[in-house]
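> Take a look at the following structure, please.
The values are calculated or read from the model by the stated rules, or taken from the named source; none is laboratory data. Predicted model only: the values in this text are computed from it and were never measured. All Cβ positions, glycine included, derive from the backbone under ideal geometry; neighbour counts span all protein chains shown. For the accessible areas, the whole protein counts, side chains as well, though only heavy atoms, and no ligand, DNA or RNA atoms are used. Shrake-Rupley method; radii C 1.70, N 1.55, O 1.52, S 1.80 Å.
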Amino acid sequence: MEPLVFPILAVLVLLQIPISIFVHFDAKRRKLKHPDTYEFGVLVPLCGLVVTVVYLYNRRRRSGKALG
């Protein structure tokens, strides 16, 4: 199991980069408050997945307000 830990963590960190790019542009398009906070929060190792869930929750909550 130990040989798998580093590759799994590396893949998770590498997945956070495209997610943060998506969050950056989507948050600006939806005019959310503090879009940079979400972007940088996604990039923080091990916390990024939690911030991604929070962002998706806020995105759904404001879905009709900013674009409509």
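> Any residue in region 3-18 that is free of Cβ contacts under 8 Å to residues at least 60 places away in the same chain and on the phi < 0 side of the Ramachandran plot sitting within a Cβ distance under 9 Å of a residue that is open to solvent by less than 90 Å² (accessible area, probe 1.4 Å) and not in a helix (DSSP H, G or I)? List the pairs, counting only those 6 or more apart or interchain.
These pairs meet every condition: LEU9/PRO45; LEU12/PRO45; VAL13/PRO45; GLN16/VAL44; GLN16/PRO45.
> OK, next. Can you tell me how many residues within region 1-29 are surrounded by 11 or more Cβ atoms within 10 Å (Cβ to Cβ) and closer than 15 Å to THR52 by Cβ?
Adding up the residues that qualify gives 14.
> Moving on. When region 39-58 is examined, which residues are found to be among the aliphatic types (A, V, I, L, M), surrounded by 12 or more Cβ atoms within 10 Å (Cβ to Cβ) and under 16 Å from ASP26 (Cα atoms)? Can you show your working first?
Pass one, region 39-58, residues among the aliphatic types (A, V, I, L, M): 42-44, 46, 49-51, 53-54, 56.
From the residues that got through so far, the ones that are surrounded by 12 or more Cβ atoms within 10 Å (Cβ to Cβ) too are 42-44, 49-51, 54, 56.
Within region 39-58, VAL42, LEU43, VAL51, VAL54, LEU56 qualify.
> Within the set of pairs 6+ apart or on separate chains, which have a first residue in region 31-53 that is farther than 20 Å from LEU12 by Cα, a second that is modelled with pLDDT under 80 and not acidic (Asp, Glu), and C-beta atoms under 6 Å apart?
LYS31/ALA66
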